[in-house]
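Quick notes on the structure that follows.
Computed from the coordinates by the stated procedures, all read-outs in this text should not be read as laboratory data. Note that the structure is predicted; figures quoted are calculated from it, not measured. Quick reminder, even Gly has a Cβ in these numbers, built from the backbone with ideal geometry, and neighbours come from all protein chains shown.
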Amino acid sequence: MKLNQLLYFCRACDNDNISHAAEELHISQPTISMAIRDLENEFGITLIQRNNKGFTLTREGQYFYEKTKIILSQTNKLEQIMLDMGNRRKHIQLGIPPMIGTFLFPQLYQGFRTIHPDIELSSYEGGTTELVRLLDDNKLDFAIVTSNHIPEKHYQILPLMETETVFCIRSDHPLAKKKTISIKELISIPLIMFHESYSQSRLVEERFSQANCHSHIIYRSGQLYTIKEFITRGIAAGFLFRELADEIPNITGICLTDPLRIQIGLIWKPGQPLFNDAVAFLKYAKQYMKK
């Protein structure tokens, strides 16, 4: 049993047609047919029942197909790991929430690429819950997230910075003159929030719950641009990190009476092998923090 035989058989099953599989693989149809016959002869079983329309899988063939898909999937993963170990992949997948991607990531990216121009650094935007799930599924190497509720026993955490979530409103609104504001003062204020998968939203809503009151959320979005537009147009108020609130025209950020401190950290899975490119990024992130 050879790996290419498994690939040919699996691709024929995926397409339900040997001819289509041959076109996809850029090989001849007889090559795939021969590979399947060789497998059948080796095992002493029939994998497919040939007919005028193509073929159907036998019960043994269906079992072999399901196991073959698992083997090929693991082979692809192993190939990526070995390429990384050989320092040939040169690619890092990083997860970032929209707000963090606006004020923290650009500096981190620019500095890293200056030192390591040969390593590609790509990012995926999403809420903390989604990014942690992708990290668990090995689809991300690292994630920069709000780490207030990230369990240290499940993830490695490199603290990057502390910021503050402030209540944001259009600058000509009467409330914009206040220096601080309590959660209970916001009960009747229409709010726009990030989706529930964003940890900052959960932290804000926890404050409403602790104050025994309900938030008046009229819209949720995963787009920072949409949230900024709602606030600057006076459609709703919202919550942003202090660094962003101070930079956006026509928005005033007001501290909560009980300040909502936010920890931002770089996280990754413990025990996950960190190869050359990932080690280089982690080393740079640590140096970045010292500066």
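Considering Cα pairs under 8 angstrom that are at least six residues apart, work out the relative contact order of the chain and quote it in whole percent.
The value is 21 percent.
Identify all aspartates and glutamates with a Cα-Cα distance to Lys177 below 20 Å; exclude those on the same chain that are fewer than 8 residues away in sequence.
Glu164, Glu185, Glu243, Asp246, Glu247, Asp258
In debye to the nearest 20, how big a dipole does the chain give about its Cα centre with +1 on each Lys and Arg Cβ and -1 on each Asp and Glu Cβ? Could you put the intermediate results ahead of the total?
Values: 33 positive and 32 negative charges, 105 e Å.
Once rounded to the nearest 20, the dipole reads 500 debye.
Which of His195, His20, His214 moves most in a GNM of the chain, Cα contacts under 10 Å?
His20
Taking 0.36 nm per residue of sequence separation and subtracting the Cα-Cα distance, how much length would be gained by fully extending the chain between Ile115 and Leu25, in nm to one decimal?
28.4 nm
Pick from Gln80, Gln200, Gln210: which residue has the top mean-square fluctuation in a GNM of the chain where Cα pairs under 10 Å get a spring?
Gln210
With unit charges on the beta carbon (Lys/Arg positive, Asp/Glu negative), name the residue among Ile254, Gln110, His26 whose Cα is farthest towards the positive pole of the charge dipole of the chain.
Working it through, the farthest residue towards the positive pole turns out to be Ile254.
For segment 3-85, with only Lys/Arg (+1) and Asp/Glu (-1) charged at the beta-carbon, what is the dipole magnitude about the Cα centre, in debye rounded to 20?
On the way: 8 positive and 11 negative charges, 46 e Å.
Charge dipole, segment 3-85, about its Cα centre: 220 debye, nearest 20.
Net charge within 13 Å of Leu244 by Cβ-Cβ distance, Lys/Arg positive one each and Asp/Glu negative one each, not counting Leu244 itself?
It works out to a net charge of -2.
Give the label of the value calculated from the structure for P(r) over Cα pairs in 10 Å bins from 0, in percent, choosing from [x] 6, 25, 26, 19, 13, 8, 3, 0; [y] 6, 22, 21, 16, 15, 11, 7, 2, 0; [z] 7, 29, 34, 21, 8, 1, 0.
Evaluating P(r) over Cα pairs in 10 Å bins from 0, in percent on these atoms matches [y].
About its Cα centre, what dipole magnitude does segment 163-261 give when the only charges are +1 on Lys and Arg Cβ and -1 on Asp and Glu Cβ, stated in debye to the nearest 20?
Roughly 200 debye for segment 163-261.
Applying 1/(1 + (r/R0)^6) with R0 = 45 Å to the Cβ-Cβ distance of His216 and Lys290, what FRET efficiency is obtained, to the nearest 0.05?
0.55
Do the sum for the chain: with -39,500 (n - 2.57) for every DSSP H run of n ≥ 4, divided by all residues, what is the mean residue ellipticity at 222 nm, to the nearest 500 deg cm²/dmol?
It lands at -13500 deg cm²/dmol.
With unit charges on the beta carbon (Lys/Arg positive, Asp/Glu negative), name the residue among Met82, Asn52, Cys13 whose Cα is farthest towards the positive pole of the charge dipole of segment 3-85.
Farthest towards the positive end: Asn52.
If you count the DSSP beta bridges with both ends in the chain, what percent of them are antiparallel, to the nearest 5? Could the numbers behind the result be given before it?
Values: 25 of 41 bridges.
Around 60 percent antiparallel, to the nearest 5.
Can you find, among Pro174, Ala285, Ile192, the residue sitting farthest towards the positive end of the charge dipole of the chain, where Lys and Arg contribute +1 and Asp and Glu -1 at Cβ?
Farthest towards the positive pole: Pro174.
State the Cα centre-to-centre distance between segment 9-48 and segment 193-252 in whole Å.
Measuring centre to centre over Cα atoms gives 56 Å.
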